[in-house]
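Asker: Structure provided below as structure tokens; questions to follow.
The values are calculated or read from the model by the stated rules, or taken from the named source; none is laboratory data. All figures in this text were calculated on a predicted structure; none of them were measured in a lab. Please note: Cβ atoms are built from the backbone with ideal geometry, for glycine as well, and neighbour counts cover all protein chains shown. Note: areas computed on protein heavy atoms with side chains; ligands, DNA, RNA excluded. Shrake-Rupley method; radii C 1.70, N 1.55, O 1.52, S 1.80 Å.
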Amino acid sequence: MGTENVICEDTEIQGGSIHFGGSNIVHPKSKIRNEAGGAIVFGNRNVIEEGAVIINWSSETLNIGSDNLFEVGCVFEGLGIGDGCIVEPKARILPGASLGDNCVVGAMCKTFERDVVPNDTVIFGGNNDRRIQTARSKEQEVLHTKHIEYLKDVLKRSHPAKAGITQTIGVVS
């Protein structure tokens, strides 16, 4: 798989320094906003779906690891996220919170403000209950890679790319 990012034209990207590693997918109608001057640094192979919002409210760098999936309509306002996490539809990571590796925040669930969510945690249900899951399997990694390859193909054919962002490591000011 190549390192080319696919960042759709009608994505809202604004403020400060925003850096993309390789093979990130940013769907149309998603928002990436830097509100307080800290950089946003994406690792590799992240997928940001339609209507997902990622905001850095801090003057510190927001580090987003690799192999994360931000699903439709989720909001991430946290301080950082590790690798291999899934933020499901309409889930919310509140300001000051951080996620370790291999975490899942279920649909319509949320963290607490300034919450430090340890590796392998699943937040689920109407009460935002928590449990520990097993480590990410090789099959999950293969599926994530195939998902990215498919999205690259489909989005390139159906949506224009955002101008001004280089394909391997881009910076938006």
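Asker: By how many degrees, between 0 and 90 and to the nearest 10, does the Cα long axis of helix 138-158 differ from the longest principal axis of the chain?
Answerer: With rounding to tens, the tilt is 40 degrees.
Asker: With a 1.4 Å probe and every protein chain left in place, work out the accessible area per residue of the stretch 48-90 in Å², rounded to a whole number.
Answerer: For the stretch 48-90, the solvent-accessible area averages 35 Å² per residue.
Asker: Sticking with this one: Check the straight Cα-Cα distances from Lys156 and name the lysines below 22 Å, setting aside those fewer than 8 residues away within the same chain.
Answerer: Of all the lysines, those that pass the test against Lys156 - Cα under 22 Å, at least 8 places apart if same chain - are Lys29, Lys31, Lys146.
Asker: Please compute the contact order of the chain in relative form: average sequence separation of alpha-carbon pairs under 8 Å and at least six residues apart, divided by the residue count, as a percent.
Answerer: Averaging sequence separation for qualifying contacts and normalising by length gives 21 percent for the chain.
Asker: Rounded to whole Å and ordered largest first, report the semi-axes of the equivalent ellipsoid of the stretch 101-162 derived from its Cα gyration tensor (root of 5λ).
Answerer: After diagonalising the Cα gyration tensor, the semi-axes are 30, 17, 10 Å.
Asker: Also, I was wondering about something else. Could you tell me the relative contact order of the stretch 2-51? Use alpha-carbon pairs under 8 Å, at least six residues apart, and round to a whole percent.
Answerer: 40 percent
Asker: Please identify the GluC sites (Glu not before Pro) of the stretch 1-48 that satisfy two criteria: DSSP loop assignment and at most 11 other Cβ atoms within 10 Å. Which are they?
Answerer: In loop regions of the stretch 1-48 (DSSP not H, G, I, E or B), the sparsely surrounded GluC sites (Glu not before Pro) are Glu9.
Asker: Another question about this same structure. Quick check: at a probe of 1.4 Å, how many percent of the accessible area of the chain sits on carbon and sulfur atoms?
Answerer: It is 53 percent, rounded to a whole number.
Asker: In Å, what Rg and Dmax follow from the Cα atoms of the chain?
Answerer: 15.0, 43
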